[in-house]
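The values are calculated or read from the model by the stated rules, or taken from the named source; none is laboratory data. The model shown is predicted, which means the values in this text are computed figures rather than measured ones. Virtual Cβ from ideal backbone geometry, glycine too; neighbours counted across all protein chains shown.
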Amino acid sequence: MPASPDSYVSPFAPREFSARGAWTAWALVAGVALLWLGLIVGAPLAASAGHEATAFVIYQGLKTVCHQMPERAFWVAGHPLAVCARCSGIYAGFAAAVLAYPLSRRLQRTETPRRAWLALALAPTAFDFTLGITGLWANTHSSRFLTGAWLGAWVAFYVVPGAVEIARQRGARPKGLLAFDQK
């Protein structure tokens with residue numbers, strides 16, 4: 001025990017958030033994004049390799065996030081990807097932006113762009129969808145993928161800072177839980 005209470009540092013005192021913690025949060029988001037892409041591509045590869053049960057589980061799992069219409073999906077090894085072209089673009093754009101994120105911003109910065117930018121990022125996807133549904137434009141796999149990738153890339157600039165902030169809050173410890181912490 002220190003000689004005076006003034007020199008004691010409680011184990012509950014807030015700690016400086018390290019760059020290592022930010023990199024860990026980023027690596028977790030990047031790993032999940034790459035795993036997700038792996039599942040999307042892995043389903044048709046598993047089906048073509050004769051692993052029907054594995055493919056079935058992946059397709060069923062991803063059915064909760066996509067309509068999985070085969071005519072709207074890219075095909076690999078004779079089978080559709082586990083999500084449509086637009087969802088493929090969203091997830092691929094997100095993964096690419098997450099991987100490139102440290103090249104554009106310091107990971108310890110947790111402020112996000114204004115939400116208006118996210119709404120603007122959604123505009124090309126909404127425009128492509130609306131024109132396609134109204135019959136004014138025959139959207140293609142490429143237009144769906146590219147507009148989805150644009151949106152997914154922007155989403156990374158909200159998710160990565162959020163993950164880093166969560167890691168920061170988990171790493172911080174509340175002050176004043178013990179009587180000798182009070183000043």
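Table: residues versus (1) part of a helix (DSSP H, G or I); (2) at pLDDT 95 or above.
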residue: 6; (1), (2): yes, no
residue: 10; (1), (2): no, no
residue: 22; (1), (2): yes, no
residue: 29; (1), (2): yes, yes
residue: 33; (1), (2): yes, yes
residue: 42; (1), (2): yes, yes
residue: 45; (1), (2): yes, yes
Residue 128 meets each of (1) under 29 Å from residue 18 (Cβ atoms); (2) at pLDDT below 95 with one exception, condition (1)
Selected residue [of a type outside the set (A, V, I, L, M), at pLDDT below 95 and under 27 Å from residue 73 (Cα atoms)] from 135, 89, 148, 171 = 135
In segment 107-134, how many are free of Cβ contacts under 8 Å to residues at least 24 places away in the same chain and exposed (fewer than 12 other Cβ atoms within 10 Å of the Cβ)?
-> 6
Which members of segment 84-104 meet the condition of being hydrophobic (A, V, I, L, M, F, W, C) and within 16 Å of the chain's Cα centre (by Cα)?
-> 87, 90, 92, 94, 95, 96, 97, 98, 99, 100
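Would you tally the residues in segment 53-64 being out of contact with any helix residue (DSSP H, G or I) (no Cβ under 8 Å at 6 or more places or on another chain) and assigned to a helix (DSSP H, G or I)?
First pass over segment 53-64, keeping only residues out of contact with any helix residue (DSSP H, G or I) (no Cβ under 8 Å at 6 or more places or on another chain): 53, 56-57, 60, 63-64.
Still in the running and assigned to a helix (DSSP H, G or I): 53, 56-57, 60.
So the count comes out to 4.
Look through segment 116-149, keep the residues that are part of a helix (DSSP H, G or I) and β-branched (Val, Ile, Thr), and return whichever of them is nearest to residue 88 (Cα to Cα).
Filtering segment 116-149 for residues part of a helix (DSSP H, G or I) gives 116-134, 141-149.
After this cut, where a residue has to be β-branched (Val, Ile, Thr) as well, the list is 125, 130, 133-134, 147.
Details: 125: 13, 130: 19, 133: 19, 134: 23, 147: 11 Å.
Checking each candidate, the answer is 147.
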Scanning segment 104-115 residue by residue, those among the basic types (Lys, Arg) and not in a helix (DSSP H, G or I) turn out to be 105, 106, 109, 114
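Restricting attention to segment 65-103, report how many residues are in a loop (DSSP other than H, G, I, E, B) and touching a Gly at 6+ places or on another chain (Cβ under 7 Å).
0
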